[in-house]
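A.B. asks: One structure follows; several queries about it will come next.
What follows is calculated from the coordinates using simple rules that are stated; it is not laboratory data. It should be emphasised that the depicted structure is a prediction, and the values quoted were computed from it without experimental measurement. Cβ: placed from backbone, ideal geometry, glycine included. Neighbour counts: every protein chain shown.
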Amino acid sequence: MVMQAMSEKVLYASKVEALVQERPDIFEVLWPEDLLDYTIMVIPRSVKKFSDYSHIRRYISNRYLVFINSKGMGHVKLTIVSVNTRDNIVYMPIDSFDSTWRYLKASINKSIQQQKEQSIDCHISRPEDLVDLSGLYRQGSTVSIKNDRVVYSMMELSQQEQKMLSARDELLSNNENLYFYAVQGNRYHDRDCFAVKFIDAKDLRASSQKPENLCACDKCQRRLLMRKATSINPNQVRAIDNHFFTPNALTDKQLEKLVEEYGFLFEMLDQRTLKVFAKEDSWVIRKYGDVYTLFHNNYKLVESGRSLTDGYHDQNVRSESLMVIFEYIHEYSYEKHIEAVKCKRKNKALVNRWGFVGMAVVKVKRRLRRAQRNRTSKYNYYKNNFVTQQQYNKTIDKMIKAVKTMDSRDEILEYMESLRR
Ligand SMILES: [Zn+2]
């Protein structure tokens, strides 16, 4: 009788279950024999440092990876790994790989053996076939697994090649450089993009200005834009992306507009408060529940216009959409603000002249303006009906005419109610 090797899942089930119960978090368990369906990607640091992390993070989840030291009396341990559930990739930082690989390898070997015994076709012949080291690629070195650890070895380089490599390092370590590209390529990248690693040293170019005629790499575009937008405090790239700019809240296109077109700079004050620098003004956006509230820097009037002072005041702009707030900031100018003050004066004159009817006209105007500005769900009706300035003006004229012909308070109120619907 042939002894069939028993699955580790069966052998160690109770041990692993006990270990999982000791842990404060609840993650799914990944067994070494499951790894046959995965690629094990060894990476330099955490997967969160990937330049396209914001795009893949929705597919990433943590798992407990089991490793079994069968020589040490079946000692079982758990380690937490990040798994890309869409592409079946297990990400392992180098040190975590180095400390667990020999155990994983033994288990995977066993599974390959089992499959052979059961005459199942196995797509790999040795455990190393599951491992992808391309994420560790470094120019001038080769990377391989030796004695169950990741090993870099320097390649023999000519003087010319060494020169090229140090020129390359210089380009990459100069923080003024933002855009990286190959001399004959058609895309530019963030310095951390995987693609940059594979651009030959002699072909790599870099610049602080967006190179014309090249388009953005879609893997690293977001990281690059965030890097540019957080130049005040470069450590905040991830924090701002996590707390405010999730891809749902702000698409790549929208972020590009804010950074490249509007020239906004961002700084996070705390998890609910974001500071925005736009032209000479600075703004604070604070999140209360689902609603963003906008504050504007204080200023005092001086002969030449205004001068900025300390502190912020409530700008009376609220929205559930960050983009609405950003558009407001972009459109704001002191000149426009003066226009608004003039408009206030006009309204006052209307009230003085027409009394109650004038007041109704002002109310209609205000409601429309607010609707146009806020575009929240509450004002959907207005949003859908009066989008352009021209339409808005037309509507106002019509309303003023209508209201002027009414003489009872009830009639006016009823009319205004009808606008709300
Ligand atoms: Zn890229």
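A.B. asks: Net charge around ILE232, counting only other residues with Cβ within less than 14 Å of its Cβ (Lys, Arg = +1; Asp, Glu = -1)?
C.D. replies: +2
A.B. asks: If you don't mind, another one. Just the Cα atoms of region 159-219: what Rg and Dmax do they give in Å?
C.D. replies: 11.1, 36
A.B. asks: Could you calculate, for the chain, the ratio of the Cα radius of gyration to the Kirkwood radius, expressed as Rg to Rh?
C.D. replies: 1.14
A.B. asks: Let me spell out the model: positive unit charges on the Cβ of Lys and Arg, negative unit charges on the Cβ of Asp and Glu, origin at the Cα centre of the chain. What dipole size does that give, in debye rounded to 20?
C.D. replies: That gives the chain a dipole magnitude of about 2320 debye.
A.B. asks: Further, regarding this structure: Which helices pass in the chain if a helix is a full DSSP H run, must span at least 15 angstrom along its long axis by Cα, and must have mean Kyte-Doolittle hydropathy not below -0.5?
C.D. replies: Span-like helices, by this rule, are 356-374.
A.B. asks: List the aspartates and glutamates whose alpha-carbon lies under 16 Å from that of LYS287, not counting same-chain residues fewer than 8 positions away?
C.D. replies: ASP241, GLU267, ASP270, ASP314, GLU320
A.B. asks: If the reach is capped at under 17 angstrom between alpha carbons, list the lysines near LYS146, excluding any in the same chain fewer than eight residues apart.
C.D. replies: LYS105
A.B. asks: Give the cross-link partners of LYS336 among the lysines, using a straight C-alpha distance below 23 Å as the criterion and excluding same-chain residues fewer than 8 apart.
C.D. replies: Correct list for LYS336: LYS257, LYS275, LYS279, LYS300, LYS344, LYS346, LYS348, LYS363, LYS365, LYS383, LYS394.
A.B. asks: Quick one: compute the contact order of the chain, relative version, from alpha carbon pairs under 8 angstrom and 6+ residues apart, as a percent.
C.D. replies: 8
A.B. asks: Same structure again: Can you give me the Rg/Rh ratio for region 8-149, using Cα atoms for both radii and the Kirkwood formula for Rh?
C.D. replies: Looking at region 8-149, the ratio lands at 0.96.
A.B. asks: Here is a follow-up. Highest mean first, how do 57-67, 138-148, 124-134 rank when packing is the count of other Cβ atoms within 10 Å averaged over residues?
C.D. replies: Result, highest mean first: 57-67, 124-134, 138-148.
A.B. asks: Which one of PRO127, SER144, TRP31 has its Cα pushed farthest toward the positive end of the charge dipole of region 8-149, where Lys and Arg give +1 and Asp and Glu give -1 at the Cβ?
C.D. replies: Farthest along the dipole direction, towards plus: SER144.
A.B. asks: Going by how many other beta carbons lie within 10 Å of each one, how would you line up HIS337, HIS189, fewest first?
C.D. replies: HIS337, HIS189
A.B. asks: Compute the distance in nm between two label points, each set 7 Å from the Cα along the Cα-to-Cβ direction, one at ARG149 and one at LYS394.
C.D. replies: 7.6
A.B. asks: What order do you get for VAL341, VAL259 when you list them from fewest to most C-beta neighbours inside 10 Å?
C.D. replies: VAL341, VAL259
A.B. asks: Same structure again: For THR405 and ASP270, FRET efficiency with R0 = 41 Å and r from the beta-carbon atoms, rounded to 0.05?
C.D. replies: Efficiency, from the Cβ-Cβ distance: 0.15.
A.B. asks: Here's another thing I want to ask about it. Please work through the chain and write down the cysteines that have no neighbouring cysteine Cβ at a distance under 4.7 Å.
C.D. replies: CYS122, CYS215, CYS217, CYS343
A.B. asks: 222 nm [θ] for the chain, helices only, -39500 (n - 2.57) per DSSP H run of 4+, per residue, to 500?
C.D. replies: -12000 deg cm²/dmol
A.B. asks: Using only Cα atoms, what Kirkwood radius does region 230-332 have, in angstroms?
C.D. replies: Result for region 230-332 stands at 14.2 Å.
A.B. asks: Please figure out what share of the DSSP beta bridges in the chain is antiparallel and state it in percent, rounded to the nearest 5.
C.D. replies: Here the antiparallel bridges make up roughly 80 percent for the chain.
A.B. asks: Can I ask one more? For a quick check: sort CYS215, CYS220, CYS343, CYS193 by the number of other beta carbons within 10 angstrom, fewest at the front.
C.D. replies: The order, fewest Cβ neighbours first, is CYS215, CYS343, CYS193, CYS220.
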